[in-house]
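In what follows, a single structure is set out as structure tokens and then discussed.
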Amino acid sequence: MANLIIFICLAIFIVIMSLMAVTSKKILRAATYLLFVLIGTAGLYLLLNFHFLAAVQISVYAGGIVVLFIFAIFLTSNKGDMIDNHNKKRILYGIVAAVAGIAITGFALLKHRFLNYSDNPTIAGDQEMNMKMIGEALMGTEKYQYLLPFEILSVLLLACIIGGILIARKR
């Protein structure tokens, strides 16, 4: 019961911070709200006893990616820059995308039983995920293993770093 209450609190926190990140007029505040969303997601990982993924979430995403966003904001904008108002067409597209996301999430929640404590001991908090299993899943090349997406992500991050350097050199 306590896990469910903590989950609901974290979910509400993540939703509120996500909405604030999207609706904020100041770019730096939006990046700060994104940082809070990523920290809340790490809290969900901790709730599931995925301590390694929580540490990766905080160190890589909250620590690295958000800092990269903030550097990009500082390099490309002036102090006090505000986000321009969107036209009605973009707002409508955003609402349609949000409703579609809610519908897909609702379908997934209704179709699957995620809170089946008897089948998954990590949800009940009885055991922690084995680091060897995580490493084999990340670096394996078989079915349900993620070496290719892991390497593609590293190329994407390298491209972001190179793009940041090129933007900084132009100024």
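Coordinate-derived values only; no laboratory data. Model, not experiment: these values are computed from the prediction. Cβ sites come from the backbone with ideal geometry, for glycine too, and all protein chains shown count toward neighbours.
Extents of the chain, taken as max minus min of Cα coordinates on every principal axis and listed largest first, are 56, 36, 27 Å. The lysine pair tally for the chain, using Cα distances under 22 Å and a gap of 8 or more places or different chains, is 8.
Distance between the modelled labels on Val96 and Phe13, one decimal in nanometres: 3.6 nm (7 Å Cα→Cβ projection).
Ignoring everything except DSSP H segments at least 4 long, calculate the 222 nm mean residue ellipticity for the chain; use -39,500 (n - 2.57) per segment, divide by total residues, nearest 500.
Estimated from H runs of four or more residues: -23000 deg cm²/dmol.
Helix 66-76 axis versus longest C-alpha principal axis of the chain: approximately 10°, rounded to the nearest ten.
Counting only chymotrypsin sites (Phe, Trp or Tyr not before Pro) that are in a DSSP loop and have at most 13 other C-beta atoms within 10 Å, tell me the longest site-free stretch of the chain.
The segment 1-113 is the longest one with no such site.
Angle of helix 88-111 to the longest C-alpha principal axis of the chain, folded into 0 to 90 degrees and rounded to 10: 10°. Evaluated with a Cβ-only charge set (Lys, Arg +1; Asp, Glu -1), the range 130-171 carries a dipole of roughly 380 debye about its Cα centre, given to the nearest 20.
Give the angle, between 0 and 90 degrees and rounded to the nearest 10, that separates the Cα long axis of helix 2-23 from the longest principal axis of the Cα atoms of the chain. The angle comes out near 20 degrees. Gain on full extension, evaluated as 0.36 nm per residue between Leu75 and His112 minus their Cα-Cα distance, stands at 8.8 nm. Just to be sure I understand the curve: with the Debye formula and one point per C-alpha of the range 130-171, what is log10 I(q)/I(0) at q = 0.23, 0.26, 0.28 Å⁻¹? Debye intensities relative to I(0), on a log10 scale: -0.72, -0.81, -0.87.
A Gaussian network model of the chain, with springs between Cα atoms under 10 Å, assigns the largest mean-square fluctuation among Asn78, Asn49, Asn87 to Asn87.
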